[in-house]
Amino acid sequence: MAQSSQILSIQKGLALLSLVLFFGACQESPQPEVEAEPEIQASAFDLKTDMVDFKNQMTELDTLNISFNHSMCMYNAYERLQITKASDSICIKSMFKDTTLGNDADWEKIYEKNVHASDTVWKFSEFVDRNKMREIPSENSRPVLIISAKKDTLRFYAEGLGEVSRFVIDYSTTMRALYPENTNNIYGVDIVEE
């Protein structure tokens with residue numbers, strides 16, 4: 001009997017302990033403090049109005065994607081530029097694809113350059129502004145330059161070999177100021193007169 005009352009006492013103790021643990025577990029435990037989620041910033045960059053001063057108007061949130069069609073006559077080549085901003089400079093990455101001998105060519109990284117936002121050597125904004133009249137296509141024109149940021153796109157057109165040549169020369173001259181090494185001669189060759 002003593003043993004039975006001892007077992008009964010242990011069972012009561014376990015039941016009491018179970019109740020304490022049960023109710024203790026049901027109590028609302030203090031929640032850890034949750035850090036406020038940072039506000040998602042949106043860029044105010046507007047491609048149509050800010051392109052003329054993009055080096056200063058861009059933020060770290062912006063990316064400009066530029067496609068240029070170098071093709072003329074029997075030559076078929078394309079360039080892609082990706083421009084991003086980091087602090088007080090912009091990074092320009094160039095990819096190039098020559099499909100003159102076939103469409104199976106791969107995109108090749110040509111260069112990556114960092115330019116200070118206050119740079120005055122690479123005048124791409126002036127090039128874009130100088131060619132504003134090319135944004136209106138004519139019946140037989142083709143897009144040569146496409147600039148996009150977010151959901152905005154600017155297209156620049158040229159028609160005929162003469163006009164395309166002038167546009168490509170203007171672009172190449174502008175880009176050689178950024179990339180004077182001109183490996184692979186993607187921005188034309190120097191004419192040497194003897």
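At a glance:
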quantity: Simple label model, 7 Å out from Cα along Cβ direction - residue 192 to residue 150, nm; calculated: 4.9
quantity: Relative exposure of 89, 118, judged by other C-beta atoms within 10 Å (fewest first); calculated: 118, 89
quantity: Value of relative contact order over the range 53-181, rounded to a whole percent, pairs C-alpha under 8 Å and six or more apart; calculated: 23
quantity: Order of 46, 106 - criterion: other Cβ atoms within 10 Å of each residue's Cβ, fewest first; calculated: 106, 46
quantity: Cα-derived Rg to Rh of the range 53-181, Kirkwood definition; calculated: 0.96
quantity: Distant-in-sequence amide H partners of residue 62 (H built 1.01 Å from N, under 5 Å); calculated: 85
quantity: Length released on extending from residue 109 to residue 179, taking residue separation times 0.36 nm less the Cα-Cα span; calculated: 23.9 nm
quantity: Local electrostatic count, residue 117, Cβ distance below 9 Å [Lys/Arg +1, Asp/Glu -1]; calculated: 0
quantity: 5 angstrom amide H check on residue 76, placed H, neighbours 5+ away; calculated: 99, 100
quantity: Cα-projected label distance for residue 91 with residue 166, points at 7 Å along beta-carbon direction, nm; calculated: 3.8
quantity: Residue-by-residue Karplus 3J(HN,Hα) for the range 170-184, coefficients 6.51, -1.76, 1.60, Hz, glycine and proline x; calculated: 4, 4, 4, 4, 4, 6, 5, 5, 7, 10, x, 4, 6, 4, 6
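Each reported figure results from applying straightforward, stated rules to the coordinates on display, with no laboratory input. Because the structure is predicted, anything quoted here is derived from the model rather than measured. Glycine also receives a Cβ, built like all others from the backbone with ideal geometry; neighbour counts cover every protein chain displayed.
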